[in-house]
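S.K.: Please read through the structure below; I'll follow up with questions.
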Amino acid sequence: MPHEIAHADGYTISDDQARFDLERAHRWIGQESYWAKGIPMATFAKSVAGSLTVGAYAPGGEMAGMARVVTDRATFAWLCDVFVDEPGRGHGVGKKIVAFVKGHPDLQGLRRMHLATADAHGLYAQYGFKPLTGVDRWMEIVDREVYSRDA
């Protein structure tokens with residue numbers, strides 16, 4: 001059963017996949033984000049299907065923002081693809097999304113929750129996020145050209 005919170009200002013935050021506007025979300029992440037520009041629709045759809053995906057809906061019902069959480073729902077979560085559309089900015093939509101994720105019943109009791117941001121450290125700090133600890137233990141493989149190469 002989907003988890004949903006309606007706010008007094010008319011915005012609703014929900015993890016209902018049936019309500020999620022995949023095409024709109026793909027436009028945001030694939031065209032407007034700095035972290036996944038050019039991501040193919042098939043790749044994005046697969047990422048959404050494999051994640052706990054959250055939509056923020058404006059009073060008129062249109063999707064105004066989103067987030068994905070890559071998680072095992074037991075020990076670890078990575079909050080990613082947080083995006084608020086231009087008309088939704090300035091209405092606390094980002095805060096509503098992060099509060100929803102932090103309070104989601106499937107994400108309680110986790111040992112770690114991570115995220116990466118270039119410019120919203122202040123927002124996330126309000127919800128308990130801090131700079132990464134043990135950075136010397138983390139490793140990564142990064143392929144920044146993956147979406148621009150022929151498949």
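S.K.: In the range 17-83, which chymotrypsin sites (Phe, Trp or Tyr not before Pro) fall in coil by DSSP and have 10 or fewer other Cβ atoms within 10 Å?
M.R.: On the way: sites: Phe20, Trp28, Tyr34, Trp35, Phe44, Tyr57, Phe76, Trp78, Phe83; in loops: Phe20, Tyr34, Trp35.
Loop-located and lightly packed - Tyr34.
S.K.: Another question about this same structure. If I take every Cα pair under 8 Å that is 6 or more residues apart in the range 1-103, average their sequence separation and divide by the length, what percent do I get for the relative contact order?
M.R.: Numbers: 151 pairs, mean separation 24.5, N = 103.
Normalised by residue count, the contact order of the range 1-103 is 24 percent.
S.K.: Hey, how many Å between the Cα centroid of the range 1-23 and the Cα centroid of the range 54-77?
M.R.: That distance is 8 Å.
S.K.: Around His3, what is the net charge, scoring Lys/Arg as +1 and Asp/Glu as -1 over all other residues with Cβ under 10 Å from its Cβ? Spell out each step's value before the answer.
M.R.: Working: positive: none; negative: Glu4, Asp15, Asp16, Asp106.
Local charge sum for His3: -4.
S.K.: So, one more: Net charge near Gln31, counting Lys/Arg +1 and Asp/Glu -1 over other residues with Cβ under 15 Å of its Cβ? Mind dumping the intermediate values first?
M.R.: Details: positive: Arg24, Arg27, Lys37; negative: Asp21, Glu23, Glu32, Asp81, Asp85, Glu86.
Here the charged neighbours net out to -3.
S.K.: Using r as the Cβ-Cβ distance of Arg112 and Arg144, and R0 as 25 Å, what FRET efficiency do you calculate, to the nearest 0.05?
M.R.: On the way: r = 25 Å, r/R0 = 0.99.
Efficiency computed from Cβ-Cβ geometry: 0.50.
S.K.: Quick check for you: with a 1.4 Å probe and neighbouring chains kept, what is the accessible area per residue of the chain, in Å²?
M.R.: Details: 9240 Å² over 151 residues.
Accessible surface, normalised per residue, equals 61 Å².
S.K.: A follow-up question, please. Determine the share of the chain's accessible area contributed by carbon and sulfur atoms, expressed in whole percent, with a 1.4 angstrom probe. Mind showing how you got there, number by number?
M.R.: Working: 4880 of 9240 Å².
For the chain, the apolar C and S fraction of the accessible surface comes to 53 percent.
S.K.: I've got another one for you. Any idea what diffusion coefficient the range 60-145 gets from Stokes-Einstein, in µm²/s, Kirkwood Rh on alpha carbon pairs, 37 °C, 0.692 mPa s? Write down the numbers at each step before the final one.
M.R.: Details: Rh = 14.4 Å.
Reported coefficient: 228 µm²/s.
S.K.: With +1 assigned to the C-beta of every Lys and Arg and -1 to the C-beta of every Asp and Glu, and no other charges, what is the dipole magnitude of the range 44-151 about the Cα centre in debye, to the nearest 20?
M.R.: On the way: 13 positive and 12 negative charges, 94 e Å.
Charge dipole of the range 44-151: 440 debye, to the nearest 20.
S.K.: Convex hull over the alpha-carbon atoms of the chain: what's its volume per residue in Å³?
M.R.: Details: hull volume 19.4 nm³, N = 151.
Spelled out: Cα convex hull of the chain, divided by residues, is 128 Å³.
The values are calculated or read from the model by the stated rules, or taken from the named source; none is laboratory data. Source: prediction; values computed, not measured. So basically every Cβ, Gly included, is an ideal-geometry build from the backbone, and we count neighbours across all protein chains shown. Ligands, DNA and RNA are stripped out before the accessible areas are found, and what is left, the full protein with its side chains, is counted by its heavy atoms. Shrake-Rupley method; radii C 1.70, N 1.55, O 1.52, S 1.80 Å.
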